[in-house]
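First comes the structure, then the notes that go with it.
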Amino acid sequence: MYSPLQRFAAVLIGLVLLAATLDAQTASTIPLSVSIDAVSAAETLQDGIQIQAGAAALRITALRDDIIRVRISPTGTLPEDASWAVLPESRTKTIPVQPTQDAAAVGFRTAALDVRVERNPLRIVIRDLSGNVISADALGRPTRFQLDGFSIYKQISGSEHYFGLGDKTGQFDRREQAYTLWNTDVGPQESVDPLYKAIPFFLAMNGTQSHGIFLDNTWRTWFDFGKRFRDTIAFGAEGGPLDYYFIYGPSPKQVVEGYAYLSGKPPLPPLWALGFQQSRYSYTPESKVREIASRLRNDRIPSDVLYLDIDYQDRNRPFTVNSTTFPNFPGLVSDLRKQHFHLVTITDLHIAHTPNQGYKPYDTGHAGDHFVKNPDGSEFVGVVWPGPAVFPDFTREQTREWWGSLYRDFVKDGVSGFWNDMNEPSVFDGPGKTMPLNTVHRIEEPGFVTRTAIHAEIHNIVGLENARGTYEGLMKLRPDERPFVLTRATYAGGQRYGFTWTGDNAATWNHLRLATQMVLNLGLSGIPFVGADVGGFNGTPSSDLLTRWVELAAFSPFFRSHYDKGSGPHEVWANGPEQETIRRRYIETRYKLLLYIYSLADEASRTGLPMMRPVFLEFPEIFAPNAGFDHWDSEFLLGPSLLVAPAPFGEKLDDYVISFPSGSWYDFWTGEKMPPQPSAPPIGDAIMAKPGTHFPEQHRTHPKLDTMPVYVRGGTVLPMQPLIQSTDETPGGPLELRVYPGDHCSGSLYLDDGHTFAYQQGKYLRQGITCEADAKSLRLKFHAREGSYTPWWKFMEVVVYDWPSARAEAKVSGSAYPLKTTYDPKQHALHMTLADQSAETELSIRGRSNP
């Protein structure tokens, strides 16, 4: 390891070389400082406008009616039009616009937006077609280029809230905070910045109106939401192009979907990836892995995945197995599959630097010239887990292909998924715990000019391209199976290659709170398949903390328990049978909800919407003036229908108040209808609330340890399946459809084989269900199914909540015979069983008259 003085010297040398490299690239073209002050000339384009501002050039174009792209260059020549994040088909799409100009401004209109560029001082102002300002450059603070970086300033509305930027700690709302985006190996992550992911996208909520801004820049970037200047958002980068996208809602859902249109939607994961997963650093030797698997099955804890961290490897060398501690690795994988477990192994990106030692990943990588270089052309070597290591140059298409081929033996052995860690990239002896900024990468990628680039430009996309190489490699090696890839570091667009998690958290109540907020912000940042290490990676949780964490994580997208060496047990059975029973109940609940969860995964793959959602994503009216909705930073929704309301401070023993969005709500556990709330406005693409809408605090609670408050939105048809022990198991019995009457009542079913791509050829099941109800009747309509997949159920049990009595007559359209009904007076629930309904059908239920 290097001394502090050596580290300082390395950083200093790196900065000097960085400045020299940048100087060589730009000294002849970019002045020391340029402010974009005034319009000197303007040219109308079919899709926007081209502006000269002295020596600078601005191109503002419309990709869609609701997405505007802004590119600015201080030299008059726009840089290369290429992106690691934005899909080529989205980035190059344009629409015709209507030019506008007057004495004060030039610009254009789309079907949704009025884009004005005020002439002097030059200011970009974006308004809706009613003239309301949505986003505007700050007065007196022009866009500025200094050295090789730039700064942009936007005005802040008095009531605006800001979300996104990926995995940031601290408060949920980014308002009055400042952040750096530079992928960094940090642990434990107690309220520090930066962390593992650089996603330079934020979503703004101004009352019920929403917009987003995505800065497509891979260099070290920064965002300041009114911390330095209370009336100004500032953001910028230390180098690279000034290229950003404005995305209009007006609903927050539309903004998130617009961002997914740019950066891509996630692939549909295998169903098993949504089950419960158990991991530790590390389960070793082989006998310990078998012990954990057997205990999970013997204790009947539903589960699908086990992990192997770095200790399964030979001397921590990726793509090897320690034959002493794992003497029969293929046999282990096979035996785990017989127990219905999928095995996921870690494969870090650092390849041991072992010339002439017969280590295949190094030998083939060196022969193919696949490693990142020093400025003198030699291979960069840095210390990580295997000791001296080299790093694949993932900006080369051929290097990603080589990397993907390294998985061949593991795939042949039957390993189900792969975990890419340490890919910030983390370098133990490097400056800032990463590579020197002047380390050389080679961009050899379709759509890009072939060139070299220093690490300062590439750093933030190493994790993205690492996961891409893994995902694409698995697609070639196992083309009929959906890959499972888990990555710690990524950039915008990382959702295209799989799952992520929040990194090395800690076993504290504060980190339990942070888990909710970080997962929600990652979801808003385009990554729906995300979770936090249950129980905290670092340290030993108290029994109550671990139980609360299991309860909460059962309603998150990615449900993995993982912990560090030296920490006490985090397994479900830790702390004795009483705690195990509670935790098992919540894992069982997740498996009963898998059809609902899988339908959310399907929705995410088609729209980009997160599975786990902040309340305002479904109910933007909670931010209406004087709405009075509390706990929007601790409560959350799983999909549109389940409200999860943990205590804001779980370590406190005090009662707390649960805030309900408008509409009717039901207790998930008891079926009890909660006190009425204000009527919800119509649900639509541009949901609007009346100013002053108030959400009174209606329900005070102090749940026991075994109860996490969960509520179902009135107007929900919620599918529930019989309990299974793994996703390999076919549920036995009928599909349960729980109907919670309310406004805009609907639900959906999605099912396929759970692991192949046959669904892309129509072998899936998707069905919408709607209902209408009044005081005396309910009509449940089954819409015709899409797809050819045959479900496991033959019958459906329909359960209607808030039904007043046992008196009921139920009949399916087209049938002359009534259905038999039973009544649960404790839950006020009416039950009936009917045959599976695949065609357009209506179930009608009426209350019988008194005899």
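The values are calculated or read from the model by the stated rules, or taken from the named source; none is laboratory data. Keep in mind that this is a model prediction, so the values were computed, not measured. A quick note on method: Cβ atoms are made from the backbone with ideal geometry, for glycine too, and the neighbour counts reach across all protein chains shown. Heads up: the accessible areas ignore ligands, DNA and RNA and are worked out on the full protein's heavy atoms, side chains in. Shrake-Rupley method; radii C 1.70, N 1.55, O 1.52, S 1.80 Å.
Return yes or no: is residue 844 in contact (Cβ under 8 Å) with a residue 12 or more places away in the chain, polar (S, T, N, Q) and open to solvent by less than 70 Å² (accessible area, probe 1.4 Å)? Reasoning before the result, please.
Values: in contact (Cβ under 8 Å) with a residue 12 or more places away in the chain: yes; polar (S, T, N, Q): yes; open to solvent by less than 70 Å² (accessible area, probe 1.4 Å): yes.
Judged against the criteria, residue 844 is a match.
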Can you find even one residue in region 340-348 that is open to solvent by less than 10 Å² (accessible area, probe 1.4 Å) and charged (D, E, K, R)?
-> yes
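Before we move on, is residue 333 open to solvent by less than 50 Å² (accessible area, probe 1.4 Å), closer than 17 Å to residue 308 by Cβ, part of a helix (DSSP H, G or I) and modelled with pLDDT of 95 or more? Step through it out loud before you land on a result.
Numbers: open to solvent by less than 50 Å² (accessible area, probe 1.4 Å): yes; closer than 17 Å to residue 308 by Cβ: yes; part of a helix (DSSP H, G or I): yes; modelled with pLDDT of 95 or more: yes.
Taking the combined requirement at face value, the residue satisfies it.
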Residues in region 198-209 that are in a strand (DSSP E or B) and not polar (S, T, N, Q) total 6
Only one of (1) more than 23 Å from residue 271 (Cβ to Cβ); (2) part of a loop (DSSP other than H, G, I, E, B); (3) touching a residue at least 24 places away in the same chain (Cβ under 8 Å) fails for residue 301. Which number is that?
-> (1)
Would you check which residues across region 222-267 are open to solvent by 10 Å² or more (accessible area, probe 1.4 Å) and out of contact with any strand residue (DSSP E or B) (no Cβ under 6 Å at 6 or more places or on another chain) and list them?
-> 228, 229, 230, 231, 240, 241, 253, 254, 257, 261, 265, 267
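Of everything in region 219-231, what is farther than 22 Å from residue 454 by Cβ and touching an Asp or Glu at 6+ places or on another chain (Cβ under 8 Å)? Give them in sequence order. Steps first, please.
Here is the first cut: in region 219-231, the ones farther than 22 Å from residue 454 by Cβ are 223-231.
Listed by number, the residues that qualify are 225, 226, 227, 230.
Return the total of residues in region 596-633 being in a helix (DSSP H, G or I), of a type outside the set (A, V, I, L, M) and over 13 Å from the mean Cα position of the chain (by Cα). Give the steps one after another, and end with the answer.
Going residue by residue through region 596-633, those that are in a helix (DSSP H, G or I) are 596-607, 615-618, 620-623.
Within this subset, residues satisfying the condition of being of a type outside the set (A, V, I, L, M) are 596, 598-599, 602-603, 605-607, 616, 618, 620-621, 623.
Keeping just the survivors that are over 13 Å from the mean Cα position of the chain (by Cα) gives 596, 598-599, 602-603, 606, 616, 618, 620-621, 623.
Summing the residues that are in a helix (DSSP H, G or I), of a type outside the set (A, V, I, L, M) and over 13 Å from the mean Cα position of the chain (by Cα) in region 596-633 gives 11.
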Residue list for region 566-583, restricted to those being part of a loop (DSSP other than H, G, I, E, B) and modelled with pLDDT of 95 or more = 567, 568, 569, 570, 571, 572, 573, 574, 575, 576
Identify all residues within region 649-673 that are loosely packed, with under 15 Cβ neighbours inside 10 Å and of a type in the set (Asp, Glu); write none if there are none.
-> 651, 654, 655
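Pick from region 523-565 the residues that are part of a loop (DSSP other than H, G, I, E, B) and among the polar types (S, T, N, Q): which of them is most open to solvent (accessible area, probe 1.4 Å)? Lay out the reasoning, then the answer.
Within region 523-565, the subset part of a loop (DSSP other than H, G, I, E, B) is 525-529, 532-533, 535-537, 539-542, 554-558, 562-565.
Remaining after also requiring among the polar types (S, T, N, Q): 525, 540, 542, 556.
On the way: 525: 1, 540: 83, 542: 58, 556: 14 Å².
Only one residue fits best here, namely 540.
This table checks each residue for (1) open to solvent by 30 Å² or more (accessible area, probe 1.4 Å); (2) touching a helix residue (DSSP H, G or I) at 6+ places or on another chain (Cβ under 8 Å).
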residue: 90; (1), (2): no, yes
residue: 101; (1), (2): yes, no
residue: 113; (1), (2): no, no
residue: 121; (1), (2): yes, no
residue: 133; (1), (2): yes, no
residue: 148; (1), (2): yes, yes
residue: 155; (1), (2): yes, no
residue: 164; (1), (2): no, yes
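Give region 747-802 a look and list any residue that's assigned to a strand (DSSP E or B) and either open to solvent by 60 Å² or more (accessible area, probe 1.4 Å) or of a type in the set (Ser, Thr, Tyr) (or both), or say none.
Initially, region 747-802 is screened for residues assigned to a strand (DSSP E or B), giving 747-751, 765-773, 777-782, 786, 795-801.
Correct list: 748, 750, 770, 772, 777, 779, 781, 786, 795, 801.
Pull up region 362-375, narrow it to residues that are small (Gly, Ala, Ser) and within 26 Å of residue 479 (Cβ to Cβ), then point me to the one that is least open to solvent (accessible area, probe 1.4 Å). Let's see the steps before the verdict.
Our first condition is that a residue be small (Gly, Ala, Ser); within region 362-375, this holds for 365, 367-368.
Then drop every residue that is not within 26 Å of residue 479 (Cβ to Cβ), which leaves 365, 368.
On the way: 365: 0, 368: 30 Å².
The qualifying residue least open to solvent (accessible area, probe 1.4 Å) is 365.
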In region 12-54, which residues are modelled with pLDDT under 55 and open to solvent by 60 Å² or more (accessible area, probe 1.4 Å)?
-> 12, 13, 15, 16, 17, 23, 24, 25, 27, 28, 29
Can you pull out the residues in region 436-452 that are open to solvent by 10 Å² or more (accessible area, probe 1.4 Å) and assigned to a loop (DSSP other than H, G, I, E, B)?
-> 436, 437, 438, 445, 446, 447, 448, 449, 450
So residue 274, is it more than 22 Å from residue 198 (Cα to Cα) and buried (at least 23 other Cβ atoms within 10 Å of the Cβ) | yes
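Table: residues versus (1) touching a Pro at 6+ places or on another chain (Cβ under 9 Å); (2) open to solvent by less than 30 Å² (accessible area, probe 1.4 Å); (3) under 13 Å from residue 349 (Cα atoms).
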| residue | (1), (2), (3) |
| --- | --- |
| 377 | no, no, no |
| 384 | yes, yes, yes |
| 395 | no, yes, no |
| 399 | yes, yes, yes |
| 403 | yes, yes, yes |
| 410 | no, yes, no |
| 421 | no, yes, yes |
Could you list all residues from region 314-328 that are buried (at least 18 other Cβ atoms within 10 Å of the Cβ) and not in a loop (DSSP other than H, G, I, E, B)?
-> 316
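Starting from residues that are hydroxyl-bearing (Ser, Thr, Tyr) and free of Cβ contacts under 8 Å to residues at least 60 places away in the same chain, keep the ones in region 803-836 and report whichever is surrounded by the most Cβ atoms within 10 Å (Cβ to Cβ). Break it down into steps so the answer makes sense when it comes.
Initially, region 803-836 is screened for residues hydroxyl-bearing (Ser, Thr, Tyr), giving 805, 813, 815, 817, 821-823, 833.
Retained after the next criterion (residues that are free of Cβ contacts under 8 Å to residues at least 60 places away in the same chain): 805, 813, 815, 817, 821-823.
On the way: 805: 12, 813: 13, 815: 12, 817: 7, 821: 19, 822: 12, 823: 17.
Restricting to residues being hydroxyl-bearing (Ser, Thr, Tyr) and free of Cβ contacts under 8 Å to residues at least 60 places away in the same chain, the top hit is 821.
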Please name all residue pairs, on different chains or six or more residues apart, with Cβ atoms under 8 Å, provided the first residue is in region 413-442 and is under 21 Å from residue 343 (Cα atoms) and the second residue is part of a helix (DSSP H, G or I) and of a type in the set (Lys, Arg).
-> 414/337
Reported set for region 389-434 where residues are charged (D, E, K, R) and either within 23 Å of residue 562 (Cα to Cα) or part of a loop (DSSP other than H, G, I, E, B) (or both) is 393, 421, 424, 429
If we ask which residues in region 336-355 are in a helix (DSSP H, G or I) and touching a residue at least 40 places away in the same chain (Cβ under 8 Å), their number turns out to be 2
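Mind listing whichever residues of region 432-450 are in contact with a Lys or Arg (Cβ under 6 Å, 6 or more places away or on another chain) and either of a type outside the set (A, V, I, L, M, F, W, C) or on the phi > 0 side of the Ramachandran plot (or both)?
442, 444 - these are the residues of region 432-450 that are in contact with a Lys or Arg (Cβ under 6 Å, 6 or more places away or on another chain) and either of a type outside the set (A, V, I, L, M, F, W, C) or on the phi > 0 side of the Ramachandran plot (or both).
Determine if region 453-469 includes at least one residue that is free of Cβ contacts under 8 Å to residues at least 40 places away in the same chain and either within 15 Å of residue 401 (Cα to Cα) or assigned to a loop (DSSP other than H, G, I, E, B) (or both). Show your work before the answer.
Applying the first criterion (free of Cβ contacts under 8 Å to residues at least 40 places away in the same chain) to region 453-469 yields none.
There is no residue in region 453-469 that is free of Cβ contacts under 8 Å to residues at least 40 places away in the same chain and either within 15 Å of residue 401 (Cα to Cα) or assigned to a loop (DSSP other than H, G, I, E, B) (or both).
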So residue 266 clears everything in (1) modelled with pLDDT of 95 or more; (2) under 30 Å from residue 74 (Cβ atoms) except one condition, right? Which one?
-> (2)
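Answer yes or no as to whether residue 67 is open to solvent by less than 10 Å² (accessible area, probe 1.4 Å) and more than 32 Å from the chain's Cα centre (by Cα). Give the steps one after another, and end with the answer.
Details: open to solvent by less than 10 Å² (accessible area, probe 1.4 Å): yes; more than 32 Å from the chain's Cα centre (by Cα): no.
No.
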